[in-house]
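Laboratory data are not the source of any read-out in this text; all were calculated from the coordinates shown. For clarity, every value in this text was computed on a predicted model and none was experimentally measured. Note that each Cβ is placed from the backbone with ideal geometry, even for glycine, and that neighbours are counted across all protein chains shown.
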Amino acid sequence: MENANSLPTVPAADAATAASVTSSADAAREPRVGRLVAGVFFGVLVALVAGYVIFTVPGKYFTSATSVRYDARALGIAAGKGALDGDALVVVPDSSGSIIVSVSTDLRSTDYPGVAWQASPLPAGAQARLLWRNDIAPGRLFALEMPIEDGRLQPVVVVHDANWFGKITGLALSVKLPSPAQIRLQGVTAETLSAGAVLTAQVRQWLSLEPWSASSINTVVGSADLPELPLPALLGLAAALTAAITLLLVRWRPAWFAMRLPAALAVTFLAAWFVLDARWQLNLARQVRATLEQYAGKSWREKHIASDDGPLFAFIEKVRATLPPPPARIFIFADSHYLRDRAAYHLYPYNVYFDPSVNTTVPTARLRQGDYVVVYQRRGVQYDPAQQRLRWDGSAPITADLLLADAGAALFRIR
């Protein structure tokens, strides 16, 4: 006799069938989870890029015009002196420290809201302005300040300037240098800055060679210059938003997901990481090739001359030939901490004094007879050759002999 309170038993075969159906449903749901998370990730990625393009484009989203580039051969020098060197125009300033290069153009201002000059390296303290003329007021010269970051001119959006109108008949670049130095100009580009142009330029930045820097061992930002949309930030934000959106979907529709959701999110982060690592490996291969072209087959001295501090090394060679044998006290003045560090390195084993992090100078009262002062691209240093008096940063003058002078550099001996 059956107990009325007992539960009906399920045959073993029916239980196995139910378990099999549940397992099959979970197995069918797992691929769907992966596809759903991947879809969310790519959707977020597309939305972020689209948002960047929408808020970045300064003028027309779509235009039939194309960017116009004028290379170094089309440039003329209005102030300073220069000559072509390969694909660049190498220019040195005039006696006032000014460089002006120009090019004749025929551009509709409404089609070209942006201008980018390709010029480097620009020393600390340099000032740059974009100059232009138009056909409406041909007798006037208009100007706009150009930002400089990391020794490079940055593109400017000139369409917001009230004087950017009519047909642009000429473009020019005016550079004021704090000390004599040469700059290399590859040309100038009038940019449409449409949606397609902005997106193409950003992708080109991500794929361009990023030279070695102090952080290259860990990451590559993804641009030869300073990008507005760094690839690591884009992928990281997309992965984080994917996780947040997916977790919200889990609370709203838990039936859509299975236990494999954490694995799917982990794969998303790993995929973003893989893209960045592949970008790093590509940059490494390009950098190896560039390094071979720069140094392979050269002597010890030729490698130093070909390096980034080649002009400094050439000057320090002259300094070492002028100095007496060690020991001797040498004080190094330079606006750039990198140049101070490298100058000290090239002067060892002399007793070299410099501040590795702060652009400071030693008071003249601390100097004694027989000390040497090396000045390299340093503002505020003045020397009167008639009275042989040296001073810097408003300090009291001190008697010194000028032993060596070069473009933006000098060697003094204290008397």
**Asked** So how much slack lies between Tyr345 and Thr322, counting 0.36 nm per residue of separation and subtracting their Cα-Cα distance, in nm?
**Response** 6.6 nm
**Asked** Do any trypsin sites (Lys or Arg not before Pro) in the range 331-389 lie in a DSSP loop with no more than 13 other beta carbon atoms within 10 Å, and if so, which?
**Response** Arg368
**Complete:** In this structure, the FRET efficiency calculated for Gln154 and Val288 from their beta-carbon separation, with R0 = 45 Å, to the nearest 0.05, is 0.95
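Taking 8 Å as the Cα distance limit and 6 or more residues as the minimum spacing, I'd like the relative contact order of the range 68-193 as a percentage. Present the calculation step by step, with values, prior to reporting the outcome.
Numbers: 314 pairs, mean separation 50.1, N = 126.
Computed over the range 68-193, the figure is 40 percent.
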**Prompt:** In the range 93-176, which chymotrypsin sites (Phe, Trp or Tyr not before Pro) fall in coil by DSSP and have 14 or fewer other Cβ atoms within 10 Å?
**Reply:** none
**Message:** Restricting to Cα pairs below 8 Å that are 6+ residues apart, what does the relative contact order work out to for the range 303-414? Please round to a whole percent.
**Reply:** 24 percent
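What does the helix-only formula give at 222 nm for the chain: each DSSP H stretch with n ≥ 4 adding -39500 (n - 2.57), the total divided by the residues, and the result rounded to the nearest 500 deg cm²/dmol?
Values: 7 runs with 146 residues, N = 415.
When only DSSP H runs of four or more count, the value is -12000 deg cm²/dmol.
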**Request:** Find how many whole Å separate the alpha carbon centroid of the range 134-157 from the alpha carbon centroid of the range 357-401.
**Result:** 37 Å
**Dipole of the chain, positive direction: furthest Cα of Tyr353, Leu235, Pro324, with charges on the beta-carbon** = Pro324
**Under DSSP loop assignment and at most 13 Cβ neighbours within 10 Å, longest GluC sites (Glu not before Pro)-free interval of the chain** = 3-227
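Relative contact order for the chain using alpha-carbon pairs under 8 Å, separation at least 6, rounded to a whole percent?
Working: 668 pairs, mean separation 57.6, N = 415.
The value is 14 percent.
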**Cut-off under 5 Å, modelled amide H: who pairs with Gly170 long-range** = Thr105, Arg133
**Message:** Computed from the coordinates I sent, P(r) over Cα pairs in 10 Å bins from 0, in percent equals one of (1) 4, 15, 20, 19, 16, 11, 6, 4, 3, 2, 1, 0, 0; (2) 4, 19, 27, 24, 16, 8, 2, 0; (3) 5, 22, 35, 29, 9, 1. Tell me the label.
**Reply:** (1)
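So for the range 303-414, Kirkwood radius off the Cα pairs, Stokes-Einstein at 20 °C and 1.002 mPa s: how many µm² s⁻¹?
Working: Rh = 14.1 Å.
Estimated diffusion coefficient is 152 µm²/s.
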**Item:** Neighbour cut-off at most 15 other Cβ (10 Å), DSSP loop, trypsin sites (Lys or Arg not before Pro), the range 90-181
**Value:** Arg140
**Degrees, to the nearest 10: 310-322 long Cα axis against longest axis of the chain** = 40 degrees
**Fill in**
Long-range amide H partners of Gly114, meaning residues 5 or more apart or on another chain whose placed amide H is closer than 5 Å, are Val158, Glu191
